[in-house]
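Written out below as structure tokens is the structure these notes cover.
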Amino acid sequence: MQNPTSFLKKLRYFWKRSQFPVQGPIEISTVDKLIIFLICIVISIISSYKILLVPSLEISDIFSWGVTFAEVLFVCGFLILISRKENPNINSRQILLIVALLLIVQMIKNIFGSGLSPLSIIVPPALIISQGMGTITALAWVSIASLSWPDSLTNINSNLLLITLICACIVSVLGGKIRSRAQLLQLSIFVPIGALISQWILIGNEEYSLVDKQEILTSNSKIFSDSFLLAIIMLITILFIPIFESIFGLLTKARLLELADKEKPLIRRLSIEAPGTFEHTLLICGLAEEATRMIGGDIDLIKTGSLYHDVGKLHAPNWFIENQDGSKNPHDEIDDPLKSAEVLQAHVDEGLKFARKNRLPKPIANFIPEHQGTLKMGYFLNKAEEKKLNFNESDFRYKGPIPQSKETAILMLADGCEAALRAMDINASGNEALETISKIVNSRKVDGQLKDSNLSKGEIFLIKKSFLNVWKRIRHRRIQYPTTKNNTFS
């Protein structure tokens, strides 16, 4: 008979797996892996080669070099592992950016040694990483960059290293939460001021300048020169962040908010040329944002992704019921379910074309096909069955892929529930609305649309409740005011 303790452990393990499924990281090509590995090798060599530069090389020196080399190589691998754990959708370009920044920092350390302030070396890259790849990855990078110092630590003031580590950690934590360029500018001012005060308290009047024998702005306050140049480098870094976003596909909070501006040309076109779709989009945004907030997801991502998920309908707005004025329906005129299904699929294909043309980041473009997944086009499938046409079921399914993240899965559920909830009677009860929501969500789940989304059972329950809460807010009644000549009632 199986040990009761072992049985309980297994039961607990399977319960955890059922509640909190783990999303695996995306695959990286062999070539990219090789390039990343070679960069890590170079970092290890740069960080350890000075151990071999002694007049008389002994076995102990070679052993010490081997240990240091292996240590740095290990922490590089650990850094990549953490970045992929924090963000399973991280791509090879972003991993290359992380290790390339570490390589540049290690090279600068070797070139300038203790003559260059650690503040100016470590803090600015931490801002880039935290903005584009998350706080945990940035903190891991800062730890490795601070500890893996090629030169002897005795050549660098220990208090200055401590101040550098604290400033870099503050930048890493705040950088991952900052939602505007203005807040970045504030950070680039307050962090150097904090570093200046900390240096003045802990280091005092020690002559530690940014570069040996170089004074900036003042001749008596070389501590000030460190903080001043840190501010300049951080400002330059902020100016270059949009370039990093474009080259490496980084999706910062500020970038998401800029894309969510309803005056953006593509969104503006949608509001003018497909007003019904635009209103449908705004309603879905309300449902999706509330659900994402409830489960602790990325609200800025889903807000922006929701706005762009149906831009493909711009290719033929009048083919979609929400944009029709009731006079005629093009689908009735062609009277061909197969061609109608092609039109529906085209709104996904055309949406991806719009995304490429307008250079939307990939995480935003992913909302376009994934919000439909491989769902059936039920109305036209029934029409084809009524006409007894010769067809395959795949002809009436979207091409996919199914949702690959929690956010795109929430949008799929919101898209399905929005029309059903809006069509409900004003006198419908909360239980009736919850039953409608549950039917739609369960149908998506049974159809296999949520299996790659990483949504747990608990999160699906919270999503249903959030949809119900939004429905209760939007179904409020209005008082029938009496009509008067001057219409002064409001």
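Taking the criterion of being surrounded by fewer than 16 Cβ atoms within 10 Å (Cβ to Cβ) and either among the acidic types (D, E) or in contact (Cβ under 8 Å) with a residue 60 or more places away in the chain (or both), the residues of the range 321-335 that qualify are D325, D332, E333, D335. The set of residues from the range 31-65 being part of a loop (DSSP other than H, G, I, E, B) and either surrounded by 11 or more Cβ atoms within 10 Å (Cβ to Cβ) or among the charged types (D, E, K, R) (or both) comprises L57, E58.
Going by the structure shown, is V99 in contact with a Cys (Cβ under 8 Å, 6 or more places away or on another chain), part of a helix (DSSP H, G or I), modelled with pLDDT of 90 or more and not acidic (D, E)? Judged against the criteria, V99 is a match. I'd like to know if the range 393-413 contains one or more residues that are among the basic types (K, R), crowded, with 18+ Cβ neighbours inside 10 Å and under 26 Å from N469 (Cβ atoms). Checked the range 393-413: at least one residue is among the basic types (K, R), crowded, with 18+ Cβ neighbours inside 10 Å and under 26 Å from N469 (Cβ atoms).
Within the range 260-269, can one find any residue that is surrounded by 21 or more Cβ atoms within 10 Å (Cβ to Cβ) and among the hydrophobic types (A, V, I, L, M, F, W, C)? No, the conditions are met nowhere in the range 260-269. Checking every residue in the range 178-186 against the condition of being on the phi < 0 side of the Ramachandran plot, assigned by TED's automatic domain parsing to the domain that holds I136, at pLDDT 85 or above and crowded, with 18+ Cβ neighbours inside 10 Å gives at least one match.
For the range 105-147, a tally of residues being at positive phi and either among the β-branched types (V, I, T) or in a helix (DSSP H, G or I) (or both) returns 1.
Looking at the range 420-429, can you tell me whether even one residue there is closer than 26 Å to P88 by Cβ and surrounded by 15 or more Cβ atoms within 10 Å (Cβ to Cβ)? There is no residue in the range 420-429 that is closer than 26 Å to P88 by Cβ and surrounded by 15 or more Cβ atoms within 10 Å (Cβ to Cβ).
Taken together, the residues in the range 384-408 that are in a helix (DSSP H, G or I) and in contact with a His (Cβ under 9 Å, 6 or more places away or on another chain) amount to 1. Hey, does the range 304-312 have a residue that's closer than 25 Å to R255 by Cβ and either of a type in the set (A, V, I, L, M, F, W, C) or not assigned by TED's automatic domain parsing to the domain that holds A419 (or both)? Yes; the residues of the range 304-312 include at least one that is closer than 25 Å to R255 by Cβ and either of a type in the set (A, V, I, L, M, F, W, C) or not assigned by TED's automatic domain parsing to the domain that holds A419 (or both). Assessment of the range 267-274 against the conditions (outside the structural domain of L239 (by TED's automatic domain parsing), within 23 Å of the chain's Cα centre (by Cα) and among the basic types (K, R)) yields no matching residue.
The set of residues in the range 365-379 being among the β-branched types (V, I, T) and surrounded by 22 or more Cβ atoms within 10 Å (Cβ to Cβ) consists of I368 alone.
The values are calculated or read from the model by the stated rules, or taken from the named source; none is laboratory data. Quantities reported herein were computed from a predicted structural model and do not represent experimental measurements. All Cβ positions, even for glycine, are placed from backbone atoms using ideal geometry, and neighbour counts span all protein chains on display.
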